[in-house]
Amino acid sequence: MSPQAAPLKLFSVIIPARDEEESLPATVEDIHRTFTAAGIDHEIVVVDDGSTDRTWAVLQELKAKIPTLAPTRNAGQNGFGRAVVWGIDQSRGDAVVIMMADSSDSPAHAVKYWELLNQGYDCAFGSRFIQGSEVIDYPWVKLKVNRLANFLVRVGFAIPLNDTTNAFKAYRRTVIDGCRPFLAPHFNLTVEIPLKAITRGYTYAITPISWQNRKYGVPKLKIKEMGSRYFFICAYVWLEKYFSRGDYRRMS
Ligand SMILES: Nc1nc2c(ncn2[C@@H]2O[C@H](COP(=O)(O)OP(=O)(O)O)[C@@H](O)[C@H]2O)c(=O)[nH]1
Ligand SMILES: [Mg+2]
C-alpha cells in the first residue's frame, strides 16, 4: 500500500455498451442509487460503441433522471477495449471503475473498491472465485475456460489473483496513466490493465465479488475469436515482466 496516496474526490464509472437498450436503465439507476446512498461523488460514463438499437436514445432519456450520467459515443474504431479507453479518456475522476452494462457487477462491490482505493491501494480487484464470492448462472463451458485461463495467468505471472480476466476492477488514475499505451482493442483489455498494473509495481487489494448473467440481450464475448488475442496480450505483458529489466515500472 502507498500510505502517501492522495485522497480521492471523484469516482468515474466506465461502462462500455453495445446494443444494451434493455439492460442499461436498471444498471445505471442501481449504480446512481447505491453511490448516492454511500455519499460517493461520481460520474457514470457510458460509452455507446456503435450500437444499432436505441442505446443512445435510451441514454438521453436516462440523463434527464440521473444527473451524474455522462453518455458518450466512441467516435473512433469500435471494439470493447477501444470503447473502455475512450471512456477513460473522457472521464474526469481521480479513480475509475470498469463495469458492465448488463448488471452483471454489483454496485455495492464498487463501493467496496472505492473504500479500498481510499485506504491507499492503487488498484482494487474483485474475485468471483474466493470465499465470500457468488456466481449466478455462469455458462458451464465459459466457466471451465475461465478457470483454466486464470490458472495459467496466475502461474505464469506468479500472482495470487485468480480472476484476472474479469473487467470489473477499479484503479487510481495514476495507475491507468502509468499503464499506457494500451494495445488491446477488444475484450483482451480486461487482462492488459491488471497484468500491467501488477507488473509495473502498483499495489492492489483483492476482495470477494458477485457476478450474474444478463437478463436481456445476447452475450458478446466469443471465446474462440478472443483466445489468440488474450494470448497475445498475456505474452506481451509476460515479456515485459521478465525481460524489460523494469524499464516500465512505476516511478516511486
Ligand atoms: N464497447 C463495446 N462494448 C461491448 C462490445 N461487446 C460487448 N460489449 C459490452 O461489454 C460488456 C460485457 O458484454 P457481455 O456481452 O455481457 O459479455 P459476457 O457477459 O462476458 O458474455 C457489456 O457491457 C456489453 O455491452 C463491443 O463490441 N464494444
Ligand atoms: Mg455479460
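Some points to look at:
- Boolean, residue 152 is open to solvent by less than 50 Å² (accessible area, probe 1.4 Å), over 13 Å from the mean Cα position of the chain (by Cα) and at pLDDT 95 or above: no
- Residue list for the stretch 213-234, filter: under 16 Å from residue 181 (Cα atoms) and surrounded by fewer than 16 Cβ atoms within 10 Å (Cβ to Cβ): 232
- Flag if residue 163 is open to solvent by 20 Å² or more (accessible area, probe 1.4 Å), within 14 Å of ligand 1 (Cβ to nearest atom) and among the charged types (D, E, K, R): no
- Test: residue in the stretch 144-158 that is farther than 16 Å from residue 238 by Cα and among the small types (Gly, Ala, Ser): no
Residue-by-condition table, conditions (1) under 29 Å from residue 32 (Cβ atoms); (2) hydrophobic (A, V, I, L, M, F, W, C); (3) modelled with pLDDT of 95 or more:
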position	(1), (2), (3)
102	yes, no, yes
140	no, yes, no
159	no, yes, yes
178	no, no, yes
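So that you can scan it fast, the table gives a plain yes or no per residue for (1) among the basic types (Lys, Arg); (2) open to solvent by 20 Å² or more (accessible area, probe 1.4 Å); (3) out of contact with any helix residue (DSSP H, G or I) (no Cβ under 8 Å at 6 or more places or on another chain):
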{"site": "11", "(1), (2), (3)": "no, no, no"}
{"site": "15", "(1), (2), (3)": "no, no, no"}
{"site": "18", "(1), (2), (3)": "yes, yes, no"}
{"site": "34", "(1), (2), (3)": "no, yes, no"}
{"site": "57", "(1), (2), (3)": "no, yes, yes"}
{"site": "69", "(1), (2), (3)": "no, no, no"}
{"site": "73", "(1), (2), (3)": "yes, yes, no"}
{"site": "81", "(1), (2), (3)": "no, no, no"}
{"site": "93", "(1), (2), (3)": "no, no, no"}
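- Any chance residue 109 is on the phi < 0 side of the Ramachandran plot, in contact with a strand residue (DSSP E or B) (Cβ under 9 Å, 6 or more places away or on another chain) and open to solvent by 30 Å² or more (accessible area, probe 1.4 Å): yes
- All positions within the stretch 222-252 that are closer than 30 Å to residue 53 by Cβ and in contact with a Lys or Arg (Cβ under 8 Å, 6 or more places away or on another chain): 223
The values are calculated or read from the model by the stated rules, or taken from the named source; none is laboratory data. Keep in mind the model is a prediction, meaning the values are calculated, not measured. Cβ coordinates were reconstructed from backbone atoms using ideal geometry, including for glycine residues, and neighbour counts include every protein chain displayed. Only protein heavy atoms, including side chains, enter the accessible area calculation; ligands, DNA and RNA are left aside. Shrake-Rupley method; radii C 1.70, N 1.55, O 1.52, S 1.80 Å.
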